[in-house]
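To keep things clear, I will list the structure first and then write my remarks on it.
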Amino acid sequence: MQTLAGKKILLGISGGIAAYKCAELTRRLIERGAEVQVVMTTAAKEFITPLTMQAVSGRPVSDSLLDPAAEASMGHIELAKWADLVLLAPATADLIARMSAGMGNDLLTTLVLATDSPVAVSPAMNQQMYRNIATQENIATLERRGMHIWGPAAGEQACGDVGPGRMLEPMQLVERCELFFADKPLKGKSVVITAGPTREAIDPVRYISNHSSGKMGFALAQAAAMQGAQVTLIAGPVALATPVGVERIDVDSAQSMHDAALAQATKHDIFIGCAAVADYRPQAVAEHKIKKTDESDQMTITMVKNPDIIASVAALNEHRPFTVGFAAETQDVEHYARTKLSKKNLDMICANDVSVEGQGFNSNNNAITLYWKDGKQSLTLASKQHIATQIVMTIAEKLEA
Ligand code: PMT
């Protein structure tokens with residue numbers, strides 16, 4: 001079946017033993033209707049010849065940034081614009097590190113910098129190199145920037161080691177490409193997501209806030225956009241870049257987040273409340289900086305309740321979106337999460353135990369259990385990008401049902 005008919009795939013091969021599988025990969029992609037342009041690094045040519053790749057792809061292989069003849073036919077910028085998908089397979093630890101650092105010291109890394117097409121990375125390396133913290137951080141960086149990480153698989157390696165680091169098999173990569181180009185589950189849907197903390201002013205220089213970094217909410221925005229949704233992100237004060245294709249509204253206090261959320265909610269199909277909203281705010285904000293006094297060692301601030309944003313959204317009578325909340329708990333997680341699910345009238349709640357080190361607030365990872373009226377699903381510890389994708393896919397399934 002021509003499942004990839006007319007799709008232009010730029011296959012970037014770097015220097016790993018799995019490069020020999022690229023001939024098979026190219027044949028299978030072409031069999032399904034794709035056009036494949038191969039780009040090789042210098043090291044890749046030690047593992048499989050450009051002549052082989054030219055023969056199976058039916059196109060001359062590009063391998064040099066500084067070759068005037070090659071630039072005269074399809075230059076590197078043109079190549080970067082040509083692709084519907086840039087697939088890097090095998091992607092060695094070195095290639096991943098260079099991309100993570102934003103380098104452009106050969107044709108392949110330059111193309112990655114110059115393209116605004118989606119990039120899929122299929123890591124392939126020795127298991128110890130894969131487990132190395134530098135590699136893990138580099139992969140997480142690429143994922144955070146919106147690249148798709150396909151694999152690796154675990155098993156016996158060419159060097160005799162056993163563990164994670166094997167490139168996905170050619171047919172598995174073909175399936176990933178097919179899935180990538182298939183209709184996205186949230187195509188035609190719109191999502192509004194709240195993320196980050198709120199700040200509740202005490203006086204012009206002080207505020208009450210919490211440890212939310214916004215990472216979980218931003219990962220959700222990115223995952224929803226990648227699954228085809230039109231995404232509006234209402235962000236509290238955080239230092240994060242807006243994911244590609246996402247519309248962002250910056251807010252500060254719980255009240256301003258509430259106003260933005262209610263203005264957006266009825267225009268969207270899905271509402272996800274991931275923000276750590278302050279439950280209370282100071283009753284009065286001092287006009288001037290509150291001065292320290294010699295008279296007393298104590299200061300009392302009277303707090304009043306903030307509006308509950310997600311409960312207000314879930315209570316909408318008309319154009320109510322599918323409403324998903326979060327529950328940040330430190331004990332009796334299921335009990336408190338289920339209580340919030342029913343009290344706030346939510347369709348689903350994502351519960352995280354924020355007392356566990358290495359997950360929750362400000363971490364790059366999280367572990368979540370999703371609860372809905374008559375079911376639950378556990379998502380074990382993984383990067384927030386990975387968890388976000390699973391949450392978004394579950395929401396898509398629930399909307400379909
Ligand atoms: O931002 P990160 O550093 O990545 O951390 C992620 C996170 C820990 C903040 C996130 O995973 C999370 O748990 N977010 C919800 C935090 C929270 O405020 O939980 P809660 O249990 O207090 O609130 C329950 C739900 O009500 C949440 O959907 C919250 O957004 C919402 N809420 C709460 C109070 C309020 N006034 N209005 C609300 O909408």
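Just a few scattered comments:
- Hey, Glu247 assigned by TED's automatic domain parsing to the domain that holds Ile387 and open to solvent by 60 Å² or more (accessible area, probe 1.4 Å) or not: yes
- Evaluation of Val313 against the conditions (1) in contact with a helix residue (DSSP H, G or I) (Cβ under 6 Å, 6 or more places away or on another chain); (2) away from the ligand (no atom under 12 Å from the Cβ) shows that the sole unmet condition is (2).
- For region 257-297, taking the residues that are β-branched (Val, Ile, Thr) and under 25 Å from Ile395 (Cβ atoms), the one that is surrounded by the fewest Cβ atoms within 10 Å (Cβ to Cβ) is identified as Thr266.
- Residues in region 83-96 that are assigned to a helix (DSSP H, G or I) and open to solvent by less than 40 Å² (accessible area, probe 1.4 Å): Ala93, Leu95, Ile96.
- Test for Leu85: is it over 21 Å from Ala120 (Cα atoms) and touching a Ser or Thr at 6+ places or on another chain (Cβ under 7 Å): no
Every residue, every condition in (1) more than 16 Å from the ligand (Cβ to nearest atom); (2) of a type in the set (Phe, Trp, Tyr); (3) assigned to a strand (DSSP E or B), yes or no:
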| residue | (1), (2), (3) |
| --- | --- |
| Leu168 | yes, no, no |
| Pro185 | yes, no, no |
| Asn210 | no, no, no |
| Ser213 | no, no, no |
| Phe218 | no, yes, no |
| Ala221 | no, no, no |
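- Filter pass, Thr323 being touching a helix residue (DSSP H, G or I) at 6+ places or on another chain (Cβ under 7 Å), modelled with pLDDT of 95 or more and in the same structural domain as Thr389 (by TED's automatic domain parsing): yes
- Residue in region 375-384 that is within 11 Å of the ligand (Cβ to nearest atom), assigned to a helix (DSSP H, G or I) and within 30 Å of Leu142 (Cβ to Cβ) present: yes
- Listed conditions (1) modelled with pLDDT of 95 or more; (2) over 30 Å from Ala382 (Cα atoms) are all met by Asp294, apart from (1).
- The criterion of at least 2 residues that are in contact (Cβ under 8 Å) with a residue 40 or more places away in the chain and among the hydrophobic types (A, V, I, L, M, F, W, C) is met, among strands (runs of 3 or more DSSP E) falling completely within region 239-328, by 270-273.
Residue-by-condition table, conditions (1) at pLDDT 95 or above; (2) acidic (Asp, Glu); (3) buried (at least 23 other Cβ atoms within 10 Å of the Cβ); (4) not assigned by TED's automatic domain parsing to the domain that holds Ala158:
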site: Tyr20; (1), (2), (3), (4): yes, no, no, no
site: Ile30; (1), (2), (3), (4): yes, no, no, no
site: Val39; (1), (2), (3), (4): yes, no, yes, no
site: Lys45; (1), (2), (3), (4): yes, no, no, no
site: Met74; (1), (2), (3), (4): no, no, no, no
site: Ile77; (1), (2), (3), (4): no, no, no, no
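- Failed item, numbered, when Ile30 is tested on (1) touching a Leu at 6+ places or on another chain (Cβ under 8 Å); (2) over 24 Å from Met125 (Cβ atoms); (3) assigned to a helix (DSSP H, G or I): (1)
The values are calculated or read from the model by the stated rules, or taken from the named source; none is laboratory data. All values derive from a computational prediction rather than experimental measurement. Here the Cβ is made from the backbone with ideal geometry for all residues, glycine too, and neighbour counts use every protein chain on show. Accessible surface areas use protein heavy atoms only, side chains included; no ligands, DNA or RNA. Shrake-Rupley method; radii C 1.70, N 1.55, O 1.52, S 1.80 Å.
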